[in-house]
Amino acid sequence: MEIGKRLKVLRKKLGLTQKELSARIKGRIDYSYIGKIEREEQNPSLKIIKKIAEAMHVRPEYFFTDHPVEQFLGSEQKQNEKRDLLLKQLCRMNDEELNFITGIIKFISQYKDIQGYYKPLKIADKKGKYKAG
């Protein structure tokens, strides 16, 4: 797979537009240049590839191998990817949906202790005795 195709696959996997990606790159690369790379109209220099890789939290070798993108994503990037996806989904919700989600988060948070561990829910059995749920 060509560099441009790999760039597009990764960008879409991360849920980024070309403009969003260009804003992440140090020294700013215009989003139209990213489009040219993806369409194979422009071959980026190794310096540009390194900047793009850094902005996307992958190793530069990703753009030169046929290994799956997951092999190049670190656990921090995978966590950031999940957060970005969640944030994008939240941005699309109306007030009623946001209030519902906020209620769920508050409910879950009630069961966390100070150290961040979830307390087991207590569920009463038929005799009214509580057991961990």
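The values are calculated or read from the model by the stated rules, or taken from the named source; none is laboratory data. Here the structure is a predicted model, which is why all the values come from computation and not from measurement. Note that we place each Cβ from the backbone using ideal geometry, even for glycine, and neighbour counts take in every protein chain shown.
Could you please let me know if Glu70 is within 13 Å of the chain's Cα centre (by Cα), over 19 Å from Val9 (Cβ atoms) and at pLDDT below 65? Taking the combined requirement at face value, the residue does not satisfy it.
Exactly one residue among Glu97, Glu81, Glu61, Glu76 is at pLDDT 90 or above, among the acidic types (Asp, Glu) and in a helix (DSSP H, G or I), and that residue is Glu97. In segment 2-39, of all residues being on the phi > 0 side of the Ramachandran plot and exposed (fewer than 12 other Cβ atoms within 10 Å of the Cβ), the one that is modelled with the highest pLDDT corresponds to Gly27.
Within segment 40-66, if we keep just the residues that are closer than 28 Å to Leu86 by Cβ and touching a residue at least 24 places away in the same chain (Cβ under 8 Å), the residue that is surrounded by the fewest Cβ atoms within 10 Å (Cβ to Cβ) turns out to be Glu54.
Provide a single number: the residues in segment 1-21 that are under 16 Å from the mean Cα position of the chain (by Cα) and part of a helix (DSSP H, G or I). The number of residues fulfilling the criteria is 10.
Report every pair of residues separated by at least 6 positions or lying on different chains whose Cβ atoms are under 7 Å apart, first residue within segment 81-102 and surrounded by fewer than 12 Cβ atoms within 10 Å (Cβ to Cβ), second among the small types (Gly, Ala, Ser). Close Cβ pairs (under 7 Å, with a partner that is among the small types (Gly, Ala, Ser)) amount to Lys88/Gly15.
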